[in-house]
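The values are calculated or read from the model by the stated rules, or taken from the named source; none is laboratory data. Note that the coordinates shown come from a computational prediction; the quantities given were computed from them, not determined experimentally. Here the Cβ positions follow ideal geometry from the backbone for every residue, glycine too, while neighbour counts run over all protein chains shown.
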Amino acid sequence: MDYTGEGKDLYPGIGLLPHPDDHYFSECTILSSHNDDVDDLNHAILNCFPGELQVFQSADCIEDNEGHGEEGILMYPVEYLNSINCSGLPLAKLALKVGCPIMVL
């Protein structure tokens with residue numbers, strides 16, 4: 001699905017300063033059953049916020065068969081670990097802008 005421009009339709013005023021108060025987003029929530037749709041919506045809404053995008057990288061490692069962590073040989077390349085996007089695991093890259101709400105679980 002293409003969600004280009006929907007962020008401004010769903011949340012009018014998010015591109016303006018000062019940023020909306022804390023309760024602004026709780027009054028209009030979005031429910032989606034597919035992670036890909038959620039990612040597309042998050043990206044579209046994030047693009048509506050003014051300011052520079054900040055990207056934060058995760059630090060991934062997995063133990064090898066010998067039980068060694070970062071010192072051992074990795075069973076899976078870091079690129080593969082960073083490509084996994086499923087519920088229950090954090091994203092490898094987190095993109096944020098000032099004023100953008102986040103939910104910490």
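Worth pointing out:
- Per the conditions (1) of a type outside the set (G, A, S); (2) modelled with pLDDT of 70 or more; (3) exposed (fewer than 13 other Cβ atoms within 10 Å of the Cβ), the sole criterion not satisfied by L96 is (3).
- Selection within segment 73-102 - within 22 Å of E52 (Cβ to Cβ), free of Cβ contacts under 8 Å to residues at least 40 places away in the same chain and either in a loop (DSSP other than H, G, I, E, B) or acidic (D, E) (or both): L91, A92, I102
- Considering only residues in segment 72-105 that are touching a Phe, Trp or Tyr at 6+ places or on another chain (Cβ under 8 Å) and not aliphatic (A, V, I, L, M), the one that is farthest from D36 (Cα to Cα) turns out to be G99.
- For segment 9-49, filtered to residues that are over 17 Å from V98 (Cα atoms) and of a type in the set (D, E, K, R), the residue that is modelled with the lowest pLDDT is D9.
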